[in-house]
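Remarks on the structure that follows.
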Amino acid sequence: MVPLPQPADWFLTVRFHLWYGIGWLLFGLGPVAVAVRDAGPVRLWTAVALLALLAAGYGGLLALRSRPVLSARVLLMGIGLLVGGVSYVLGGAAALYVAALPQFWVFADGPRAAIRLSGFAALVTALAGVLPQGWSPNLLSGNFLATLIGYAAGVGLGLLAYRFIGLTRARADALAAELAQAQARLAEAHQRQGAADERERLARDIHDTLAQGFASIIVLAEAARAGLTADPERSARQLRSIEQTARENLTEARALVSSAPGHSVAPGSLADALRRTLDRFAQDTGLAVVAELPEVACDQRSRIALLRCAQESLANIRKHAGATTVGVVLAPHPYGVELELTDDGRGFVVAAAEGFGLDGMRRRLAELGGELQVTSSLGDGTRVLATVPTAEPYDGADAPD
């Protein structure tokens with residue numbers, strides 16, 4: 001069995017003692033006051049003193065949690081003796097005993113202790129009530145029988161309350177255990193999701209930086225090897241481009257190892273970063289590049305996302321498009337910033353396209369609330385439009401002429 005709620009919870013304590021005080025006043029002290037109303041001064045003041053001591057004992061029980069002066073067992077035995085004293089003075093105090101019963105069940109250490117202590121108080125109260133009658137007392141008096149009946153009823157109700165609260169606490173403990181398990185599963189799921197998100201981010205960054213750089217190095221190395229005899233000057237330029245790309249890849253690798261995504265992107269405006277990327281692309285491929293790159297207001301994350309989209313699109317143009325001209329337009333709009341890349345290559349069927357590149361661009365932009373639109377058809381080139389929203393109000397000052 002589980003003990004009844006102890007007066008540790010403030011709200012429970014206030015509510016219980018409020019109602020209990022009202023009940024004790026009406027059904028415990030009320031009958032005593034009526035009984036001593038016409039008594040002599042000795043009985044009157046003796047009853048008042050006993051009642052004051054009862055109130056002090058109850059106060060001692062309330063103070064046990066903060067300042068344990070005496071044990072609950074000693075105080076409850078004292079309360080039983082005091083109720084017996086009132087019973088002796090008045091010739092019975094069944095109502096006062098019944099009103100004091102909740103103290104035994106609330107403050108005793110378990111149901112067995114409550115049964116023993118309340119039984120002790122019942123015995124003292126019943127015997128003290130008939131003690132003034134002499135050696136042949138009337139044990140069938142109303143107070144004697146009411147005290148014993150009150151004790152029996154108190155034991156039954158107390159055990160029933162213990163069982164009810166025990167079942168309630170068992171259900172609460174089961175729910176708490178289920179909640180703890182659910183929280184543990186949720187934390188584990190969040191951890192797994194976080195690890196998966198981090199792996200996806202690393203894979204996307206490696207694809208957008210290192211993989212593109214290595215692909216560029218391979219293409220440049222093949223071209224340089226083929227032109228060593230026919231065009232040594234061009235091969236030398238391609239070798240210098242290979243060296244520069246390798247250095248950039250090394251910087252990217254160090255940034256990824258240090259878990260600082262985006263730190264490898266040089267600070268500055270998006271337009272400047274795109275110009276450097278397009279210059280390298282034109283130098284490595286020999287393709288004509290037409291660009292409109294006005295300065296736009298763009299935060300760091302959006303700048304990195306648009307730059308990575310441009311790098312991925314240019315890598316796809318280099319590897320698959322067979323284009324001769326590439327167009328790049330950067331433009332601010334009321335809803336955000338747009339980056340458009342077009343080519344006059346062979347095109348492709350967008351619905352049939354597979355690979356990490358387009359999906360990676362879509363996810364990167366979606367994380368910022370943006371979107372990616374790819375329009376292409378066989379023989380008609382390709383148009384890639386990347387859009388990211390901006391928090392800053394648009395005033396049209398950066399719009400292209």
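The values are calculated or read from the model by the stated rules, or taken from the named source; none is laboratory data. This is a predicted model, so every value here is computed, not measured. All Cβ positions, glycine included, derive from the backbone under ideal geometry; neighbour counts span all protein chains shown. Keep in mind that these areas ignore ligands, DNA and RNA; they rest on the heavy atoms of the full protein, side chains included. Shrake-Rupley method; radii C 1.70, N 1.55, O 1.52, S 1.80 Å.
Just a few scattered comments:
- Qualifying chymotrypsin sites (Phe, Trp or Tyr not before Pro) for segment 82-191 [loop in DSSP, other Cβ within 10 Å: at most 12]: TRP135
- Exposure rank, largest accessible area first [SER87, SER141; 1.4 Å]: SER141, SER87
- Placed amide H near VAL296: partners under 5 Å, 5+ positions off or other chain: LEU270, ALA271
- Modelled FRET efficiency - R0 51 Å, ALA52 with ARG185, Cβ distances, 0.05 increments: 0.30
- Note, ³J(HN,Hα) from phi for segment 273-285, Karplus 6.51, -1.76, 1.60, rounded to Hz, x at Gly and Pro: 5, 5, 4, 4, 5, 5, 4, 5, 4, 5, 5, 6, 9
- With DNA, RNA and ligands ignored, accessible area of ILE217 (1.4 Å probe; Å², nearest 10): 30 Å²
- Vicinal HN-Hα couplings computed from phi for segment 158-174 (Karplus, 6.51 cos²θ - 1.76 cosθ + 1.60; Hz; Gly/Pro x): x, 5, 4, 5, 4, 5, 4, 5, x, 5, 4, 5, 4, 5, 5, 5, 5
- For segment 105-114, Karplus couplings with θ = phi - 60° (6.51, -1.76, 1.60), whole Hz, Gly/Pro x: 7, 8, 9, 6, 8, x, x, 5, 5, 5
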